[in-house]
1. Express in nm, to one decimal, how much length is gained between residue 37 and residue 77 on full extension, taking 0.36 nm for each residue of separation and deducting their alpha carbon distance.
2. How do 241, 112, 233 stack up against each other in accessible area, from largest to smallest, with a 1.4 angstrom probe?
3. Whole angstrom only: what separates the Cα centroid of region 1-53 from the Cα centroid of region 170-190?
4. In nm, to one decimal, how far is the modelled label at residue 171 from the one at residue 27, with both set 7 Å along Cα→Cβ?
5. Can you tell me the FRET efficiency between residue 188 and residue 237 if r is taken as the Cβ-Cβ distance and R0 is 22 Å, rounded to the nearest 0.05?
6. Non-local amide H neighbours of residue 230 (under 5 Å, H modeled in plane, Pro and chain starts lacking H): which ones?
Amino acid sequence: AGCGGSVLAGLLGGGGVAWMMGRTLFFCIRHSVPATMTNIIVAGGVGTFVAMVLQFCGITSALGAVTLAIRSLVRLSFLPVNIGSVAMSTPPTGLGFAFGCFFCYGSKVGWYHSFFLPIILVEMECGEGSIWGAVDECTLVLVSAGICTANIVYSWLFRKKSESMPPQRLHNSDHDVSLRGLKINLLCGDFIEAAYPFMERSVIVNAFAYLASGVSTEILFRERADNVLGSAYLPVMLSLYLAGDRGRAVLSGFVAFTIAFVGGLIGNTFKGKRHKDEERHKEKDE
């Protein structure tokens, strides 16, 4: 109750309780406080005291205002807004595309857990979905699922010719990783790591992944962002179903998956053709 629905107040309160608990326990032992009373003080009294301090000092309200401001900024809830003589009611064109590419890049260089995920948790502190969670769903979950599906389909298409084809085209381990990655992304949530090796190996796959991220996020930001709140840590269909504007959420997810899937097929095809040409050159040299 003392945290007032603010995740930042909850973090501060949890840190305060952790800091006080050991010291309170040591104080009770040192002053021969009976064990039963010590348990009551440590288990209930410390948390109650920290919550009262946060509440009566106004810290909870201040942190709640901070998180509300973060949500408004992230969701662009301040729109419509007048900029000079122009009334802007929707995000500017291109903002979603740029942010989608930025989100995809940030996840590859380690910004996800240090920056993106904390913002998502702040967005969801009141039990709602998250617009960054919806972006996460498109740019990471469904892009990864599309790449993994492309690998699986490519492997199936050339299964009968596997004996006469170069083994470099698609290793069995790549197929197994893709199959596992597809299952986890669709049924459990965010597992972009399954697609990273394929994105790094192929410029084509990597470029299509960024394209899928940008276009799908642009669709999400085409109208009010707070109508497509979601989460990347739910099964894909459930996350899309819970979005307010389901049509836009499904369209953005479909676009992300399809572009990444096409890029994966093209990347595998060119890779296979390149390996085949290399083998022909080797045979000529011999």
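1. Values: separation 40, 0.36 × 40 = 14.40 nm, distance 4.93 nm.
That pair, residue 37 and residue 77, stretches by 9.5 nm at full extension.
2. Numbers: 241 130, 112 15, 233 110 Å².
The residues order as 241, 233, 112, largest area first.
3. Taking the Cα centre of each part, region 1-53 and region 170-190 sit 45 Å apart.
4. With each label point 7 Å from Cα toward Cβ, the separation is 5.9 nm.
5. The value I calculate is 0.95.
6. Correct list: 130, 131, 133, 134.
The values are calculated or read from the model by the stated rules, or taken from the named source; none is laboratory data. In this text the structure is predicted, and so the values were computed from the model without any measurement. Glycine also receives a Cβ, built like all others from the backbone with ideal geometry; neighbour counts cover every protein chain displayed. All accessible areas refer to the heavy atoms of the entire protein, side chains included, with ligands and DNA or RNA removed. Shrake-Rupley method; radii C 1.70, N 1.55, O 1.52, S 1.80 Å.
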